[in-house]
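Enquirer: The structure is given below, and queries will be raised subsequently.
The values are calculated or read from the model by the stated rules, or taken from the named source; none is laboratory data. No experiment lies behind these values; they were computed from the predicted model shown. Please note: Cβ atoms are built from the backbone with ideal geometry, for glycine as well, and neighbour counts cover all protein chains shown.
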């Protein structure tokens, strides 16, 4: 069973990217414009749980993932990994010790693998950097094991090849093998299958799920595809313009979406069933700029249910049922009594 | 009724130093008037090659080896390049290329780029053509004033709409759309698909939609042809194919797609990789990955046979 032990805790995470202006604009502008990539996001990931972050491009999901493994420094907020405040670690040495336990899988296997390194060296690199084992034989053993875990069988056939000799699916499996070779306790997967073909996609997802179950890894799964999130995740959070708008158990959120944005997102997903065509109700417009996000609720410009209050006041993320959070005035505290 | 576009036993090979790449190998299908047909398959299965063959937009090492492409009685394979250019492309068949929205010219306005084929093909004045470009933009759900915009001023969804408007410029009978929404976000994708569907119904256009995304085809098309390694393995009415897929590849492919509706099901996966089209496996090309493969599959190639009305499958399981 899933233990309730929290592996990663994120509190009020904020990441603003400053926009570089020319010299004269810089001295004449009082306030530097910033991209509000992530704005006050909180969630936790339990041990052995897959937590999904879902949203359209530009909603801040990738930034969140990268901040979590400190590839990007946050502007504000706290991240606890197994009780340790990640942001309090300042020296490279301390950080490196923790990095052994947390890894990331990137979206594009055509860019994330060094074309000049053999598959063996790519997967062995984390072992060498972390100096987990010293002897070459042991390194070889670990690499072979990691490759077998991902069905790159026999490992000897792939080990001495280079990335360009592999197909997209094989490359991504190499990237996953590299992430799992140190047996991390926390893994960020940023759209790991969005570049792959459908038939290969499901195989990679299966391998990921199997490994995750076996190793009991805490997992942050970032995706724009809510159908895949449904398949993979225990809990999901839906992000819009840097904010979490809805959060809860995957089945609850997908079967009974509360926030109008979540509903729109689910309604827009094509379904592999021609008798259930439903791309009829589509919200209008596109995601506004994150430099000047709309005041009040950030979704109000596209929301079919927007009222006066939505334009003015930002709805907080409230727990309206157990384990069910939504940030929308429709479900505000004023209507609590109506259930 | 005579189909608008009829493709029969079409074979197109690429000539390389290592031999022939059999990208399109003996495919047959039809597109009737007002019908939309989806051409689905994994990358490298030959679906884009098939589309380029129909428009005869092939590189110099590509050869149409055999077969015919008949558009309303005329065989496009036999046509001269000049006839193709003057009579067929844009006017009868137009294409939305994969990634076309990123291929817009950065220093011309959207309006001019849509107007260009109108000027070239119909000999109208520039002003009139731009006027028509504005109308086309309205048709795809954009404001007419956007004709004066440059591509970098538009979002991805807008650019995709502009490219769709461009395909409509010379009132074609058929639009071939190659992965028209792949680079877009879900909500924008739904918006573009919806706009395309409405257009198709309003203008009585036929469509050939090429995609690896079965859910997208399920959402938009009347018929579907599933391609594997240069061949069509199953073809027919979309609802029946999704309800009861016959070919093992189709079955696997359909169940490889997660759905947001209904019960959560186990995703199936297809072990292995699509074959090298330089030397495709003998017999049925799917047999190395097929769970139901038997002796005959390794030896004899299954023909595409009719199982019922509007339903074809190429598999020994359904032989006579």
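Enquirer: Go through the range B:106-200 and tell me which helices (runs of 4 or more DSSP H), entirely inside it, have 1 or more residues that are away from chain A (no Cβ under 14 Å) and more than 22 Å from the chain's Cα centre (by Cα).
Expert: B:110-122, B:126-139
Enquirer: Quickly run through the range A:243-271 and pick out the residues that are touching a strand residue (DSSP E or B) at 6+ places or on another chain (Cβ under 9 Å) and at the interface with chain B (Cβ under 7 Å from one of its Cβ atoms).
Expert: Residues satisfying the conditions are A:254, A:265.
Enquirer: Here is a further query. Read through the list (1) under 13 Å from residue A:237 (Cα atoms); (2) in contact with a strand residue (DSSP E or B) (Cβ under 6 Å, 6 or more places away or on another chain), then give the number of the only condition that residue A:39 fails.
Expert: All conditions pass for residue A:39, except number (1).
Enquirer: State whether the residues of the range A:150-172 include one that is closer than 18 Å to residue A:201 by Cβ, assigned to a helix (DSSP H, G or I) and more than 14 Å from chain B (Cβ to nearest Cβ).
Expert: So far as the range A:150-172 goes, no, none of its residues is closer than 18 Å to residue A:201 by Cβ, assigned to a helix (DSSP H, G or I) and more than 14 Å from chain B (Cβ to nearest Cβ).
This table checks each residue for (1) within 11 Å of chain B (Cβ to nearest Cβ); (2) modelled with pLDDT under 95; (3) surrounded by 24 or more Cβ atoms within 10 Å (Cβ to Cβ).
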| position | (1), (2), (3) |
| --- | --- |
| A:208 | no, yes, yes |
| A:214 | no, yes, no |
| A:273 | yes, yes, no |
| A:281 | yes, yes, no |
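Enquirer: Continuing with this model, one more query. Which condition number does residue A:299 fail, the rest of (1) within 14 Å of chain B (Cβ to nearest Cβ); (2) at pLDDT 90 or above; (3) farther than 23 Å from residue A:62 by Cα; (4) part of a loop (DSSP other than H, G, I, E, B) being met?
Expert: Just one mismatch for residue A:299, condition (3).
Enquirer: Being surrounded by fewer than 24 Cβ atoms within 10 Å (Cβ to Cβ), farther than 23 Å from residue A:115 by Cα, in contact with a strand residue (DSSP E or B) (Cβ under 9 Å, 6 or more places away or on another chain) and within 14 Å of chain B (Cβ to nearest Cβ) is the requirement here; does residue A:234 meet it?
Expert: yes
Enquirer: Looking at the range A:1-99, what helices (runs of 4 or more DSSP H) fall wholly within it and have at least 2 residues that are under 14 Å from residue A:243 (Cα atoms)?
Expert: A:61-68
Enquirer: Looking at the range A:72-86 only, could you name the residues that are within 20 Å of residue A:16 (Cα to Cα) and surrounded by fewer than 17 Cβ atoms within 10 Å (Cβ to Cβ)?
Expert: Scanning the range A:72-86 gives A:73, A:76, A:78.
Each row is one residue, and each column tells you yes or no for (1) at negative phi; (2) at pLDDT below 95; (3) in contact with a strand residue (DSSP E or B) (Cβ under 6 Å, 6 or more places away or on another chain).
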position	(1), (2), (3)
B:114	yes, no, no
B:120	yes, yes, no
B:123	no, yes, no
B:138	yes, yes, no
B:143	yes, yes, no
B:171	no, yes, no
B:179	no, yes, yes
B:182	yes, yes, no
B:187	yes, yes, no
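Enquirer: Can I ask one more? Could you list, in sequence order, all residues of the range B:237-254 that are surrounded by 19 or more Cβ atoms within 10 Å (Cβ to Cβ) and within 8 Å of chain A (Cβ to nearest Cβ)?
Expert: B:238, B:242, B:252, B:253, B:254
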